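A quick write-up on the structure given underneath.
The values are calculated or read from the model by the stated rules, or taken from the named source; none is laboratory data. Here the structure is a predicted model, which means the values were calculated and not measured. All Cβ positions, glycine included, derive from the backbone under ideal geometry; neighbour counts span all protein chains shown.
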Amino acid sequence: MVRKVSRVVLDTNVLISGIVFGGKPREILEMVKNKKLLGITSPVLLAELGEVLSKKIMYSKSKVMQVEKKMRKIFRVVRPIKSINAVADDDDNRVLEAAIEGKCDYVVTGDRDLLDLKSYMGIRILTPAEFLEKLSA
């Protein structure tokens, strides 16, 4: 029996943690890189990642471009057509849009508003620790 590869959107906070700090978010990023998971993102989420790396982490423009190029290589980029307004924060709605467009199984986030949903249209919303625990079960 062929095991289905889970499709996952990693929220910007998880990507930043994985890229800059390591830990469980980095483990998940490595799984995407090694094709154990199918990572889904969107142009809007990539732009948000670049903005946070530039303004909050103080990455140079060339370093940001390098990260974005790598992300485009290891993640499948979808262009959501459906607009969602499930939570108050527009950025969080963009995460859900990418997850729906990419037919994801999971959203992995540290964002409380998204985590409080627990799931959206059949997509489970978990912390990095919960996600890794679910995968190892």
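Numbers for the structure displayed
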| quantity | calculated |
| --- | --- |
| Residue match in segment 79-86 (condition: of a type in the set (G, A, S), outside any helix (DSSP H, G or I) and under 23 Å from I100 (Cβ atoms)) | yes |
| Where a residue in segment 57-81 is under 14 Å from I16 (Cα atoms) and its partner, wherever it lies, is assigned to a helix (DSSP H, G or I) and of a type in the set (G, A, S), with Cβ under 8 Å and at least six apart | V64/G50; V64/S54; V67/G50; E68/G50 |
| Sole residue being out of contact with any strand residue (DSSP E or B) (no Cβ under 6 Å at 6 or more places or on another chain), under 18 Å from R124 (Cβ atoms), surrounded by 12 or more Cβ atoms within 10 Å (Cβ to Cβ) and not polar (S, T, N, Q), chosen from D91, D11 | D11 |
| Of all residues in segment 106-127 being out of contact with any Leu (no Cβ under 9 Å at 6 or more places or on another chain) and not in a strand (DSSP E or B), the one that is surrounded by the most Cβ atoms within 10 Å (Cβ to Cβ) | D111 |
| Hey, K4 of a type in the set (D, E, K, R), under 14 Å from L135 (Cβ atoms), at pLDDT below 95 and in a loop (DSSP other than H, G, I, E, B) or not | yes |
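Quick grid of which residues meet (1) polar (S, T, N, Q); (2) surrounded by fewer than 18 Cβ atoms within 10 Å (Cβ to Cβ):
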residue: P25; (1), (2): no, no
residue: I28; (1), (2): no, no
residue: L37; (1), (2): no, no
residue: E48; (1), (2): no, no
residue: S62; (1), (2): yes, yes
residue: M65; (1), (2): no, yes
residue: K69; (1), (2): no, yes
